[in-house]
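K.L.:
Sharing a structure here in structure tokens format.
The values are calculated or read from the model by the stated rules, or taken from the named source; none is laboratory data. Everything numeric here is computed off the predicted structure, so don't read it as measured data. Glycine gets a Cβ as well: all are built from the backbone with ideal geometry, and neighbour counts include every protein chain shown. Areas reflect the complete protein model, heavy atoms only, side chains present, ligands, DNA and RNA absent. Shrake-Rupley method; radii C 1.70, N 1.55, O 1.52, S 1.80 Å.
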Amino acid sequence: MLTLERLTSLEQIIKKSRFVATAGPIAGEQDARDFIAAHSDREANHNCWAWRVGQSYRCSDDGEPSGTAGKPILQAIDRLILDNVAVVVTRWFGGILLGSGGLVRAYGGTAAACLRAGPLVDIVPVQEAIIVVVFSDLALVKARLTGTPDVRIRQESFTESGATLTVDLPEANAPAIARMVMDITGGRASIRTTPRISP
């Protein structure tokens, strides 16, 4: 599965109405709600949206006739076989009615064009790992982790004796990476993992 690498936006004028699509990667439902709130414009006539994360999805017509906006946006996501994605299409009415078919084409087409314009990346299943290390091992552990493909250190907090790292490990290599951390620290590190999907 693929997702967007980063936020992308696209604007189209269709029969004097202005349509702006904004799409981006999300990790879950709360991310989707935050994304929709952040990219909706209260001055616009409509902020229609859709998102998908695995089997979970939602869409909204935001006052447009039922099925003419949110569903076509969701279909654009699904046709491109994308996951962990949210799209908001904002419309400023230009005075010319588009009709149901015209709205479906405008919302779905603007969303699809925006999604096609954004750079795509593979969704790598990851495990979240909490790694506790002493200060003498910290620099080496961080250097090895950052040099390993698809590993991301999300958070670092310090204790009296060392640091706690919250790290995303690629699921396929998580056991090998955990062994590597234990080997380079002489068994002094502690590692706890929990499954999680991350774009």
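K.L.:
Do you know which of the residues in region 74-111 that are open to solvent by 10 Å² or more (accessible area, probe 1.4 Å) and among the polar types (S, T, N, Q) is nearest to residue 7 (Cα to Cα)?
P.N.:
Among those that are open to solvent by 10 Å² or more (accessible area, probe 1.4 Å) and among the polar types (S, T, N, Q), it is 75.
K.L.:
A further question on this structure: What number of residues in region 137-173 are loosely packed, with under 12 Cβ neighbours inside 10 Å and of a type outside the set (Ser, Thr, Tyr)? First the steps, then the outcome.
P.N.:
Looking only at region 137-173, we keep the residues that are loosely packed, with under 12 Cβ neighbours inside 10 Å, and these are 139, 143, 146-147, 149, 154-155, 157-161.
Within this subset, residues satisfying the condition of being of a type outside the set (Ser, Thr, Tyr) are 139, 143, 147, 149, 154-155, 158, 160.
Residues that pass the stated criteria total 8.
K.L.:
To continue, here is another question. Can you pull out every residue in region 43-55 that is at pLDDT below 95 and open to solvent by 50 Å² or more (accessible area, probe 1.4 Å)? Lay out the reasoning, then the answer.
P.N.:
So in region 43-55, the residues at pLDDT below 95 come out as 53-55.
Hit for region 43-55 is 55, nothing else.
K.L.:
Then there's this: If you check residue 177 against the conditions, is it farther than 25 Å from residue 84 by Cα and in contact (Cβ under 8 Å) with a residue 60 or more places away in the chain? Outline the logic, then answer.
P.N.:
Working: farther than 25 Å from residue 84 by Cα: yes; in contact (Cβ under 8 Å) with a residue 60 or more places away in the chain: no.
For residue 177, the condition - farther than 25 Å from residue 84 by Cα and in contact (Cβ under 8 Å) with a residue 60 or more places away in the chain - is not met.
K.L.:
A further question follows. Please go through region 91-112 and pick out each residue that is within 16 Å of residue 63 (Cβ to Cβ) and aliphatic (A, V, I, L, M).
P.N.:
Residues satisfying the conditions are 97, 98, 103, 104, 106.
K.L.:
Which residues, counting only those in region 62-73, are surrounded by 16 or more Cβ atoms within 10 Å (Cβ to Cβ) and in contact with a His (Cβ under 8 Å, 6 or more places away or on another chain)? It would help to see each step written out before you state the result.
P.N.:
In the first step, residues of region 62-73 are kept if they are surrounded by 16 or more Cβ atoms within 10 Å (Cβ to Cβ); the result is 62, 64, 68-73.
The answer is 62, 64, 69.
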